[in-house]
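The values are calculated or read from the model by the stated rules, or taken from the named source; none is laboratory data. Please read these numbers as outputs of a predicted model, since none were measured by experiment. Virtual Cβ from ideal backbone geometry, glycine too; neighbours counted across all protein chains shown.
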Amino acid sequence: MNAEISTPTAELTQRLSATPRGARLARHLTAAQLATWGCPHDSDLNDTAQHLVAELAANAVTHGRVPGRDFELRLLLLPEATLRIEVSDPRGDRRLRYVTDPDADGGRGLILVTLLAQTWGVTERTVGKTVWAELALGERLKADSRPGPSTPHPAHRATHPARHTPAP
């Protein structure tokens, strides 16, 4: 099922270098932006969002990197009391895989995303892909701390599965 993303009540969009430093900066920007939106640095929600961004950004700079191209971090506060995290990279390959081998050096990040996010998925872009994850906010953010409405990027269309499941 394809659906437009709801108009966010607040948004942060930032392009970052496709380097480990850029991935770290994405995490720091997330922590600071959520604190600005009324979710303190030391809260569970802020911590969970940082972990999700760290994983998605690390994947973007490790597996989605194209020399000379940046990746993009986008945070959206949606009216349905949801935080949407989007990390876009220029590589169009949408194949994502889980690695469950306990002896592997890495590759367990998507398991972490599955456990932390309410839902997540992959959306095609004109160039590359966007991996997104959503977190339920509940009443954790004060409504009066949210900035005014902003306009969503028109190129962002998403598929909203109930829960992303990996290919066998």
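Give the residues of segment 17-31 that are of a type outside the set (A, V, I, L, M, F, W, C) and under 11 Å from Thr62 (Cβ atoms), sorted by residue number.
First, pick out the residues of segment 17-31 that are of a type outside the set (A, V, I, L, M, F, W, C): 17, 19-22, 24, 27-28, 30.
If the condition is that a residue be of a type outside the set (A, V, I, L, M, F, W, C) and under 11 Å from Thr62 (Cβ atoms), then Thr19, Pro20 are the ones that fit.
Of all the residues in segment 26-48, those that are closer than 20 Å to Lys129 by Cα and among the aliphatic types (A, V, I, L, M) number 1. Being among the hydroxyl-bearing types (Ser, Thr, Tyr) and buried (at least 17 other Cβ atoms within 10 Å of the Cβ) is the filter here; which residues of segment 33-47 pass it? Scanning segment 33-47 gives no hits. Of the strands (runs of 3 or more DSSP E) lying entirely inside segment 81-168, those carrying at least 1 residues that are modelled with pLDDT under 85, among the aliphatic types (A, V, I, L, M) and surrounded by 12 or more Cβ atoms within 10 Å (Cβ to Cβ) are 157-159.
Screening the candidates Arg65, Arg74, Arg69 for the property of being out of contact with any helix residue (DSSP H, G or I) (no Cβ under 9 Å at 6 or more places or on another chain) and modelled with pLDDT of 95 or more yields one hit, Arg74.
Taking Ser88 and the conditions (1) in contact with an Asp or Glu (Cβ under 6 Å, 6 or more places away or on another chain); (2) more than 20 Å from Arg108 (Cα to Cα), which numbered condition does it fall short on, given that it satisfies the others? All conditions are met except number (2). Looking only at segment 21-29, decide whether some residue is aliphatic (A, V, I, L, M), surrounded by fewer than 19 Cβ atoms within 10 Å (Cβ to Cβ) and touching a residue at least 12 places away in the same chain (Cβ under 8 Å). Taking every residue of segment 21-29 in turn, at least one turns out to be aliphatic (A, V, I, L, M), surrounded by fewer than 19 Cβ atoms within 10 Å (Cβ to Cβ) and touching a residue at least 12 places away in the same chain (Cβ under 8 Å). Scanning segment 46-80 for residues that are without any contact (Cβ under 8 Å) to a residue 12 or more places away in the chain and not in a helix (DSSP H, G or I) yields Pro67, Gly68.
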